[in-house]
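Have a look at the structure below, then the notes.
Quick note: the coordinates plus some simple rules give every number you see, no bench work behind them. Quick caveat: nothing in here was measured; it's all calculated off a predicted structure. Here the Cβ is made from the backbone with ideal geometry for all residues, glycine too, and neighbour counts use every protein chain on show.
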Amino acid sequence: MTRWAMGVEYDGTHFCGWQHQPGLRTLEDAFATAIGTVADHNISLICGGRTDAGVHAAGQVIHFETEAARSPRAWVLGTNANLDRKASVRWALPVPEHFHARFSATRRHYRYSIFNRSARSALRDGRATWVQAPLDVARMHEGAQHLVGEHDFSAFRSSECQSNSPIRRIDHLSVQREGELVYIDVAANAFLHHMVRNIAGLLIEVGRGLRPTDEVKTLLEGRDRRRNAPTAEPEGLCLRRIEYPEAFGLPDPV
């Protein structure tokens with residue numbers, strides 16, 4: 001039995017999230033079916049970070065076990081041949097038995113993209129959240145710095161979050177503008193359910209001038225989700241990459 005890791009990417013627009021749900025079109029099912037076709041047996045997958053409906057990934061990592069003897073090239077080309085064009089495998093690599101796509105990860109990187117102009121964009125639809133009102137990126141970045149470090153992120157988790165602890169460590173959080181696009185980039189050891197989208201929702205209100213920058217700190221310390229801003233839409237969110245110890249020899253992140 002060999003354990004394989006794969007780097008995969010997908011446009012989550014027309015999928016009901018990563019995790020299998022009976023009767024729904026999910027990414028877990030799409031990849032398991034495609035890989036299973038190449039392996040000629042049913043496949044069970046583990047992913048590095050579950051994504052919600054409508055959320056995209058450029059650097060998702062999965063692992064599975066199989067007795068099928070295939071080359072890395074065969075896994076990539078064969079799986080892609082059996083996938084929807086909105087999902088693909090970037091690389092495949094045999095890994096040690098102790099590698100785990102979720103638990104071996106040391107850091108995850110997400111980007112939340114905002115299309116910021118008065119008129120909507122046909123080309124950005126589904127890949128960035130449209131905000132018509134002007135956004136003050138400097139204010140957004142200033143407010144975001146209150147979240148860097150290890151904190152109780154109860155005010156930024158969903159009511160459906162199943163994590164045993166609300167404590168997470170954000171290593172990097174920045175907000176920058178590139179023309180009509182505003183990017184919120186965040187890296188952390190792990191994330192709570194809807195945590196990035198709740199951060200984005202609050203920073204959007206800060207950028208619109210609806211809340212002062214220091215209210216980010218007040219909400220964080222208050223730990224009350226009900227006082228936070230509405231959760232930002234899913235289409236702006238992308239899992240950009242997942243970091244692992246160098247000893248596993250995985251390809252460089254995106």
Among the chymotrypsin sites (Phe, Trp or Tyr not before Pro) in region 29-80, which ones are in a DSSP loop with at most 14 other Cβ atoms within 10 Å of the Cβ? Mind listing them? none
Quick calc of log₁₀ I(q)/I(0), region 55-111, Debye, one scatterer on every Cα, no solvent, q values 0.13, 0.20, 0.23, 0.29 1/Å, result -0.41, -0.92, -1.12, -1.32
Any residue on another chain or 5+ positions along whose placed amide H is under 5 Å from the amide H of C16 is listed here as R25, T26, L27
Work out Dmax and Rg for region 2-104 from the C-alpha atoms and quote the Rg first, both in angstrom. 12.5, 34
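On alpha-carbon atoms, Rg over Rh for the chain using Kirkwood Rh? Present the calculation step by step, with values, prior to reporting the outcome.
Numbers: Rg = 19.0 Å, Rh = 19.0 Å.
Taking Rg over the Kirkwood Rh, I get 1.00.
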Of L181, L135, L24, which has the largest mean-square fluctuation in a 10 Å C-alpha GNM of the chain? L24
Whole-Hz couplings from phi, Karplus 6.51/-1.76/1.60, listed for region 165-171; x for Gly and Pro: 9, x, 7, 9, 10, 8, 8
Between E67 and T13, how high is the FRET efficiency from 1/(1 + (r/R0)^6) when r is the Cβ-Cβ distance and R₀ = 30 Å? Nearest 0.05. 0.30
For region 107-240, the Debye formula with one identical point scatterer on each Cα and no solvent gives log10 I(q)/I(0) at q = 0.13, 0.14, 0.16, 0.19 Å⁻¹ as -0.48, -0.56, -0.74, -1.05
